[in-house]
1. Just to be sure, is K189 touching a helix residue (DSSP H, G or I) at 6+ places or on another chain (Cβ under 8 Å) and of a type in the set (K, R)?
2. Out of the residues in the stretch 362-390 that are polar (S, T, N, Q) and in contact with a helix residue (DSSP H, G or I) (Cβ under 9 Å, 6 or more places away or on another chain), state the one that is nearest to L94 (Cα to Cα).
3. Would you point out the residue of the stretch 152-184, among those that are part of a helix (DSSP H, G or I) and hydroxyl-bearing (S, T, Y), that is most open to solvent (accessible area, probe 1.4 Å)?
4. If a residue has to be without any contact (Cβ under 8 Å) to a residue 40 or more places away in the chain, under 23 Å from Q313 (Cβ atoms) and open to solvent by 30 Å² or more (accessible area, probe 1.4 Å) to count, how many in the stretch 247-277 make the cut?
5. Would you be able to tell me the number of residues in the stretch 105-121 that are outside any strand (DSSP E or B), of a type in the set (A, V, I, L, M, F, W, C) and closer than 17 Å to Y392 by Cβ?
6. Quick check: is even one residue across the stretch 354-369 more than 20 Å from G137 (Cβ to Cβ), among the basic types (K, R) and under 18 Å from the mean Cα position of the chain (by Cα)?
7. Can you list residue pairs whose Cβ atoms sit under 6 Å apart, with the first residue in the stretch 220-246 being closer than 20 Å to T302 by Cα and acidic (D, E) and the second being assigned to a loop (DSSP other than H, G, I, E, B) and modelled with pLDDT of 95 or more? Count only pairs 6 or more apart in sequence or on different chains.
Amino acid sequence: MCISHTNRRDFIRTAAAAGIAAAGMTAMAAPASASSAQERSVSFDKVALTNVRIFDGDQVTSPRTVVIENGRIGISSLGARRVDCGGAVLLPGLTDAHIHLRDVNTLHALAGSGVTTGLDMASFPPSLVDSLRRLPGLTDIRSAGTPAVAPGSPQSQIPTFPVDAVLTGPEQATQFVRSRITEGSDYIKIIIDEPGLSPETIKAVAAAAHSAGKLVMAHATTTVAVVRALDANVDMIHHVPMDSALSPSVAARYVSTNTVAVPTLTMMEGFGKLGIPGLDYAAAEGSVTALRRAGARILAGTDSNLTPGIPVQPPFGTSLHHELELLIRAGLTNREALRATTSLPAQAFGLRDRGAVRIGNRADLVLVDGDPLTDITATRAIRSVWVGGVRYTPPAV
């Protein structure tokens, strides 16, 4: 996205109020090096990780053996190459529930930081997303593709933004959803801003997506937008308000409607540091505190991006570890933070083959030094990462 000097200041304010959604518009990103990654041959090495302690979603177990075989977690260590892990902790592969794809380097940065599943929350064209799917040994992705936006929104001003995603009324909702599904979107995203899409249009898009069997992601960064998303029966709300903290009653609505929260505190913290009037990181943190007290499901997502013109660009991979730290400062326990990036996103997105170190699951694994249940920064002390049973190897320089 190209932004002139004269309108940069207004854009920053608008993008912040818009939930920083423009950060996901990576239409100009070219998957130049993806083909070489696709051409790599994969050789599965049967490995038995011995003397390894496992985070099982509740506790860190005593030392045991985990077998990696044919991309999955196996049963028998017979014939496996044995690797003594010396009591290190094995985590399920981490999930970042809010990223914006750029290119194959995105996947390398994620995998190198133990993020084995990346959930993209807006990227186009579809060819970009398709070029980054199913690359052996690299982060597995899902994508919203192109989001629904209002006329005059920052996204609609992008020259290459699809016209059929700029909605003027609820009568366009069904076709919008059909187009996204045809393009391969795994779920549907709606940008909820003020001014923006009408409540009727938001509800129509959500209903059309649900009729098609798709989850609905809502982007909302103000309390009014959050309420509008809840009224529309969306499945997940990304970001949290920066105008004021969510009240206990609104936070309770997440629970009563079974709506999942993806606060993206890393991004909200970044915008809070810009000194823009009306944007207060304390409100974002307070919203997470309220959501946690209410018992809402909270997922770890960073809004990591490399979009030109966006003043806050959390780095891919490493920012997830910071997100876990911010979630803990907002009131989550270490255990809850770890679940927010392992089992809970797998459950929320219906990814039944990951999120836990369990026989038969994908061998998405992260071996770390230290115990993240007692010190969350241990998630940064990565020894090895396996993605679909392939040990991650950084690209040659």
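The values are calculated or read from the model by the stated rules, or taken from the named source; none is laboratory data. Because the structure is predicted, anything quoted here is derived from the model rather than measured. Cβ coordinates were reconstructed from backbone atoms using ideal geometry, including for glycine residues, and neighbour counts include every protein chain displayed. We work out accessible area using only protein heavy atoms, side chains counted, and drop any ligands, DNA or RNA first. Shrake-Rupley method; radii C 1.70, N 1.55, O 1.52, S 1.80 Å.
1. Spelling it out, it is not the case that K189 is touching a helix residue (DSSP H, G or I) at 6+ places or on another chain (Cβ under 8 Å) and of a type in the set (K, R).
2. By that ranking, first place goes to T379.
3. Step by step, filter the stretch 152-184, then rank; the result is T182.
4. Matching residues across the stretch 247-277 total 3.
5. 4
6. Checked the stretch 354-369: no residue is more than 20 Å from G137 (Cβ to Cβ), among the basic types (K, R) and under 18 Å from the mean Cα position of the chain (by Cα).
7. D235/L215; D243/T222
Yes/no matrix, rows are residues, columns are (1) of a type in the set (D, E); (2) touching a Phe, Trp or Tyr at 6+ places or on another chain (Cβ under 6 Å); (3) in a helix (DSSP H, G or I):
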| site | (1), (2), (3) |
| --- | --- |
| K214 | no, yes, no |
| N233 | no, no, no |
| S249 | no, no, yes |
| T266 | no, no, yes |
| L274 | no, no, no |
